[in-house]
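Note sheet for the following structure.
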Amino acid sequence: MIISSRSITDLNKVLSRFFIANSLALLGLLGGVIPDWSGRFPVPVTFSQLAYSQEFSPTQINRYAKAVLDIEAERKVAYRKIQDLIGRVPPNIVCNQKESIRQLPKEAQSIAVNFCNRSKKIAQASGLSPTEFNTITDAARKNAPLKKRIQQAIVKIRQP
């Protein structure tokens with residue numbers, strides 16, 4: 001995708017959809033809840049109230065933006081593989097919701113689980129703690145200026 005050929009409005013729409021679709025998945029994934037095929041239920045996760053007025057450093061924003069881009073690239077590959085396998089657009093896959101993965105054929109389930117595991121590794125390698133990553137994810141949904149900072153960081157990362 002070439003950013004320079006899209007208008008800012010189109011970019012905002014794409015990024016908005018991305019954050020909405022992936023925020024919950026990332027929260028669950030990075031909270032340590034991943035699909036478990038042993039028959040056990042995932043460990044319950046409790047979320048505490050976060051200080052949404054918290055300011056994030058440019059380094060934190062850049063690390064987060066890079067991780068989000070890398071996770072999105074993995075998501076696109078996984079969705080394409082699943083689409084090729086099942087012959088239609090895949091349903092929404094949420095890593096911490098077993099039912100969203102169970103509704104897929106077995107081969108597609110494996111692709112989805114691999115995506116979830118790779119996404120978790122990307123987030124862990126970002127240089128942010130899981131708490132920082134989750135805090136930024138949650139805050140970006142509720143804080144328009146923060147969301148804009150992340151979008152700007154993504155645009156800068158994508159520039160040649």
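Every number in this text was worked out from the coordinates using simple rules, so none of it is lab data. Nothing here was measured: the structure is a model prediction, and the numbers come from that model. With ideal geometry, Cβ positions are generated from the backbone for all residues, glycine too; neighbour counts draw on all protein chains shown.
For segment 106-160, what does the alpha-carbon gyration tensor say about shape, rounded, prolate or oblate, given a ≥ b ≥ c as the root eigenvalues, a/c under 1.5 as rounded, and a/b over b/c as prolate? Prolate, since a/c reaches 1.5 and a/b exceeds b/c. Counting every other Cβ atom within 10 Å of each residue's Cβ, Ser100, Ser57 order from fewest to most as Ser57, Ser100. Packing order of peptides 102-112, 68-78, highest average first: 68-78, 102-112 (average count of other Cβ atoms within 10 Å over each peptide's residues). In terms of other Cβ atoms within 10 Å, Ile93, Ile157 run from fewest to most in the order Ile157, Ile93.
Separation of the alpha carbons by more than 22 angstrom is noted, of Lys66/Lys156; Lys98/Lys142; Lys81/Lys148; Lys76/Lys106; Lys66/Lys106; Lys98/Lys147, for Lys98/Lys142; Lys81/Lys148; Lys66/Lys106; Lys98/Lys147.
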